[in-house]
Structure formats: C-alpha cells, structure tokens
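Throughout, read-outs are computed from the coordinates displayed, never taken from laboratory work. Since the model is a prediction, treat every value here as computed from it, not as a measurement. Methodologically, a virtual Cβ is constructed for each residue, glycine included, from the backbone with ideal geometry; neighbour enumeration extends over all protein chains shown.
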Amino acid sequence: MTQPVWLSERVQWIGAFDPGMRSFDIILKTPNGTTYNAYAVRGSEGVAVIDTVKAECAEQFFAHLEAVARYDEIKVIILNHLEPDHTGALPELMRRAPQAKLYISQSAQLMLKALLNRKDLDFTAVITGDTVSLGDRTLRFLHTPYLHWPDTQCTYLEEEFILFSGDVFGCHFCDKRLYNDKVGDFRFAFEYYYTHIMRPFREHVINALALIEPLTINIIAPTHGPILRDQPTRYIERYRELSAQRLQNEINAEEKTLIVFYISAYGSTTQMAEMIREGAEQVPGVRVSLYDMEGGDTDLFVDLVEDADGILVGSPTINGDAVKPAWDLLSSFAKINVRGKLAGAFGSYGWSGEAVRMLEDRLRGLKMRLPLEGVRIKLIPSLEELEQCRQYGLEAAEHLMGVNAPRVLEMADLLAARKQTTEELSVVTI
Amino acid sequence: MAKAKVTFSDVNVTVNVPVGTRIIELSEAVGSYIAYNCREGDCGVCLFEVIKGQENLSELSKEEKAVLLARFHEIMEGWRATNNLEALQAKMQRENFIGKHCRLACQTQVFGDVIVAPI
Ligand code: FES
Ligand SMILES: [Fe+2]
Ligand SMILES: [Fe+2]
C-alpha cells in the first residue's frame, strides 16, 4: 500500500494512483495512467479535506486519509470540482465524517443536489474572497467557473501559499514520485491536457489567470498528475501563453472575418464557394478567406476558426453524406470555443443533397448560429444558381456585420424548414 | 388562434407565432445569438434581454427568478470588484432587472408582441 505524501507539516496528499487508466472520458488518451489528487490540511481547529477520488480508488484514499487524521477531526470538505473522478468517494466520506461541512462554488449548487440526490443537503456556496478558517490555517476561494465544468473553483491556503487548483494545471500522468521535480518528463501530458480540456474555455482561463497571477504561490496542487512545487509560476505562465490568441490578428476592431471552407469533387462546389466569396466581399468591413479543405490540414484550420467570426462550409453530397474532410473539420471544432459564431453550409449534389442539411445540424449542435438556410445546387450550377450563391454570401456577411435587412416569417414556415431537414436525415439513416 | 410578433433584434427577424410559444422554440431556428444549454430552466445560459413588451411575457416563476439571480452574479461586469453577492442582488432588484428586462428563453412564453435580444 502506498503512503500519504507530506507537502508540508500541515498538508498531505491523500489521493490515489490509477496507473492502468488508458482513456479518460472516452476521448482523452493517457499512455501511463493518471492520479486523482486529494489533500488534507490540518489547522489548530480541525482538518479540511480538499476533493476526493474516483469511486473505484476509494480504498487508497481512505487509507491515506486515516494515516493523517481521524474522521471526527474533519471539519470541512471542499469540493473544487464535482466530476465523478473527484467526488466518487464523497458519499462514503460524508457517511464517515457526518459533522464535516461542505464548501462548493456558487455555480455548483444544483449539480451537487443532482449528484448526491438528497433534499436535506447542508452546504455553503462560496465565491471569490470567501474564506473558511481552521484556526491557524485559512482557506480562501477563487471563483473560476468553466474550467472545465460550470462548477469549478480553486482554493488557496493563505499561510502556506498553496493553490489547490482542481483540474486546472493538472494532467493525466501517473508517477508515484508525484513531485514535478522528481517525476519523468510530463510536458507532453500537460500540453495535451490543456489542449483537450481547457482550450475550449479560453475566455474563462483568462479570467481565472487574472485571479491567480497576483497570488504568491509556493506549490500548485492540482487534482491530476504531478504536484508543481518546483517553479510553480512557470506553469501559470504557460497557461497564459497557451490562452493567448494563436494567430496575430491583423484585423482591426471594426472588421469581421468570414472563412469559407470548401471541397469539391468536380468543381461545382468550388464555383459556389467563389461566388459566395464575391457576394460576401460586397459588404464593407468583412474580410473573407477561402480555403480548399483538400489542400490544408485540420490542425492549422482550427487555429483560424478560433479567431474567426463566421464560418461557411461547402461539401458535395457523395453517397448521401458530406465528405470526410468536412466532417474532420467540424469535429476539430470541439477543441475550441465556436459557440455563437455565425455558421452555414452549402454544396452541390448529384441526385440527393443531404450533405448540407447534415452539416447544418452538426453546426447547430456545436451551438453556432445559423441565420440562413444553406444553398444546395444540383450538378453544374447555372448562372441563376451562381447568383443565388452570391446572394447567400452577401446575406451571410450582412448578418455578420449586423446590417441585414429585416425579415418577417411565419413560425410554421420557420419550423417546416427545420422539419424537412430532420425528415431528409431520417431517410438517410434508414 | 391568437397571434403575437416576436422580433429578434440581433438578426433583424420577426416571427409571427401562436400565443404560448416559448422564445427558445424560435431563437435557434432564426439563428439568434441567444444561447441555451439545459433547456430546463436550470443553467441560466439562455438569458436574454427584453427590449420591449415585457408585459406580454409569461409570469416569472420562483425557480426562474432563482436561476436568474445565480446567473447574474456570474456574468455581471464588475461583480468581482463588489465581491458581495447580496449587495449585487439588492442592486439588481432595485433596478428591476430581473423579470422585467431579463428572462430565460427556455422558460418564457409569449402572449403578445415583444422585441428581444441576446445579452
Ligand atoms: S437553457 Fe438552461 S436555463 Fe434555459
Ligand atoms: Fe474534470
Ligand atoms: Fe478531473
């Protein structure tokens, strides 16, 4: 059995090692497992437990906890994040230490009720600046929502300058030596974790850094991976760099950017894309870029998309579906925040044109906004149809700039257009 | 059936709807910036602003009000500076923000003409 690890005379790591874990939340890979870090802090008037571990690892956690404190000494349980990998052992801990008071972030209240499924729950919801005292030790809270769930917060031990940061600054990396100056090279794991877990919440990362950077920090104690005691501020600086805009923006504040991605089998979708660009360029203040997905790489495109205001995607329908590069592009959007960006789809088709509606549905699923119905053209675009594309580009650009002409619709028509989409899709899946 | 006009000022679209329609049934379809998440009145993400016609919307329930309050403290500019949730809530109430100017799109039904916008 492993032992608890002393971060200081009063602070212990009481987490669990999970070296066998290979994929996390299904999508995240981890080549050497992970750790679930929980901590105990002892003050003159009681003990605080900060986070717990996943249910399957509860045994390790309780053994470590019992080695440093009695259950009746636990005065406070702080939950920096309610995801099951950190709250799995919570119900049992509450049973063993019924007197302990729960502290959670202001935005975690509904989630906690859902998690524990109890009506009579007693807890304190805290925001930035609130503190809880353990006598000669004080824990202060930082409200850092959406890193990477709405409920997340950080907790700072004032007397020892230790930041219990939750998933922030964490990574999936399992090494029993635990300290960043002792473990193997985990840089890739740190970067990978940021890219897949934190990057979609870039704005929230920036807000959190504004709260964290002014603190004096001796140790960063995250919920996964190495404890950062050697040059901890380097990791904060790295988050600052990673959350900065990827591309130097040459666009001035009044301009908006629209990117038209397309891919074409016989050139029809290319023609459409070019006409859409022509239309969009008629609107002052819109900067349009055109990219053939065949000639580029999704990783580079995703940096462009992160900084763009609007995205249009063109794909032909082949075998009742959009083509793979288009789907690859759309799945890469999950790595960044595209919520609220303007989006649209277009494309040519042979005898059935499902691709456009399917892409539109996916774009809506990503919470992008689609004010226009996409253009679909059968086979080779006629002059009239090309004019339709130009009009579409123009209207998309007008929407981007907020200068589009008013429209009046009947609700029935509005919903019929959407219903038609779903019907077409169900035909495809049969 | 009685009709009402809902105007989404950010996309400049007006929809003629039967009374009783919820804002969220329209906002996504017209491509408005009004966001949503849970669709059940829990998360507060679908907050929107009522520019005109607040008297034509369904009444504010206790639950909607609580979620609005929680949501506000999160998003209000300067809440960090005040660092005092109660003072902020008192201020919001005084200025009659909740329920009058701001509602949840997944909860609010339309009974007459309104103009709405994302926040
Ligand atoms: S969508 Fe969550 S409260 Fe309306
Ligand atoms: Fe998490
Ligand atoms: Fe986690």
Note down the net charge around A:Leu394, summing +1 for each Lys or Arg and -1 for each Asp or Glu among other residues with Cβ under 11 Å from its Cβ.
-3
The stretch A:288-304 versus the stretch A:159-231: alpha-carbon centroid distance in Å
31
Amide H of B:Leu57 versus every other amide H placed in the peptide plane: which residues, excluding those fewer than 5 positions away on the same chain, fall under 5 Å?
B:Phe111
Can you work out ³J(HN,Hα) from phi for every residue in the stretch A:385-397, in order, using Karplus 6.51 cos²θ - 1.76 cosθ + 1.60 and θ = phi - 60°, giving whole Hz and x for Gly and Pro?
5, 5, 5, 4, 5, 4, 4, 4, x, 4, 5, 4, 5
If you plug each phi of the stretch A:129-146 into the Karplus form 6.51 cos²θ - 1.76 cosθ + 1.60 with θ = phi - 60°, what whole-Hz ³J(HN,Hα) values come out, in order, with x for Gly and Pro?
x, 5, 9, 10, 9, 10, x, 8, 10, 10, 10, 10, 9, 10, 7, 10, x, 6
Only Lys, Arg, Asp and Glu count, each charged at its Cβ (+1, +1, -1, -1), so figure out the dipole size of the stretch A:5-243 about its Cα centre, rounded to 20 debye.
240
In the Gaussian network model of chain A, springs joining C-alpha atoms below 10 Å, which of A:Leu370, A:Leu359, A:Leu379 carries the largest mean-square fluctuation?
A:Leu379
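What per residue convex hull volume, in Å³, do the alpha-carbon atoms of the protein assembly as shown yield?
Values: hull volume 94.8 nm³, N = 549.
It comes to 173 Å³ per residue, whole-number rounded.
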Pop a pseudo-label 7 angstrom from the Cα along the beta-carbon direction at both A:Leu215 and A:Leu300 and give the gap in nm to one decimal.
4.0
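To check you understand DSSP bridge types, tell me what percent of the beta bridges within the stretch A:1-105 (both residues inside) are antiparallel, rounded to 5.
Details: 15 of 22 bridges.
Just about 70 percent of them are antiparallel.
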Principal semi-axes in Å for the stretch A:173-317 [√(5λ), Cα gyration tensor, largest first]:
42, 19, 9
Evaluate the charge dipole of chain A about its Cα centre and quote only its size in Debye, nearest 20, assuming +1 on the Cβ of each Lys and Arg and -1 on the Cβ of each Asp and Glu.
940
Mind telling me which of A:Asp321, A:Asp25, A:Asp361 comes out most flexible in a GNM of chain A, alpha-carbon contacts under 10 Å?
A:Asp25
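Ratio of alpha-carbon Rg to the 2.2 N^0.38 Å globular estimate for the stretch A:256-420, to two decimals, please.
Working: Rg = 14.6 Å, N = 165, 2.2 N^0.38 = 15.3 Å.
Normalised Rg, Cα atoms only: 0.96.
222 nm [θ] for chain A, helices only, -39500 (n - 2.57) per DSSP H run of 4+, per residue, to 500?
Values: 13 runs with 142 residues, N = 430.
Using -39500 (n - 2.57) per qualifying helix, the result is -10000 deg cm²/dmol.
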Diffing the stretch A:224-231: the Karplus 3J(HN,Hα) column from phi (6.51, -1.76, 1.60, θ = phi - 60°), in whole Hz with x for Gly and Pro, holds 9, x, x, 7, 9, 10, 8, 6
Would you mind checking the radius of gyration and Dmax of the stretch A:5-243 based on alpha-carbon positions, in Å?
16.2, 46
Which of A:Ser332, A:Ser315, A:Ser382 fluctuates most in a GNM of chain A (C-alpha springs under 10 Å)? That residue is A:Ser382
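What FRET efficiency, computed as 1/(1 + (r/R0)^6) with R0 = 41 Å and r the Cβ-Cβ distance, is obtained for A:Ala244 and B:His101, rounded to the nearest 0.05? Let's see the in-between values first.
Numbers: r = 35 Å, r/R0 = 0.85.
Computed FRET efficiency for A:Ala244 and B:His101 comes out at 0.70.
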Given backbone amide H placed at 1.01 Å from N, residues whose amide H is under 5 Å from that of A:Gly43, ignoring those fewer than 5 places away on the same chain, are A:Ala48
Taking amide H positions as placed in the peptide plane 1.01 Å from N, state which residues far from A:Phe346 in sequence (5 or more) or on other chains have amide H under 5 Å from it.
A:Val313, A:Gly314, A:Ser315
Could you tell me how many degrees, from 0 to 90 and to the nearest 10, lie between the Cα long axis of helix A:268-281 and the main elongation axis, the longest principal axis, of the Cα atoms of chain A?
80
For the protein assembly as shown, what is the percent of antiparallel DSSP beta bridges, rounded to the nearest 5?
50
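Can you pull the semi-axes for the stretch A:89-199, root of five times each eigenvalue of the Cα gyration tensor, sorted largest first, whole Å?
Numbers: eigenvalues 147, 66, 48 Å².
Listed largest to smallest, the semi-axes of the stretch A:89-199 are 27, 18, 16 Å.
D for the stretch A:1-122, whole µm²/s, Stokes-Einstein with Kirkwood Rh over alpha-carbon pairs at 25 °C and 0.890 mPa s: what number? Could the numbers behind the result be given before it?
Values: Rh = 14.9 Å.
Answer, rounded: 165 µm²/s.
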Relative contact order (%) - criterion: Cα under 8 Å, at least six apart; region: chain A
10
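Please give the net charge around B:Pro18, taking every other residue with its beta carbon less than 15 angstrom from that of B:Pro18, where Lys and Arg add +1 and Asp and Glu add -1.
Surrounding charge for B:Pro18 is -1.
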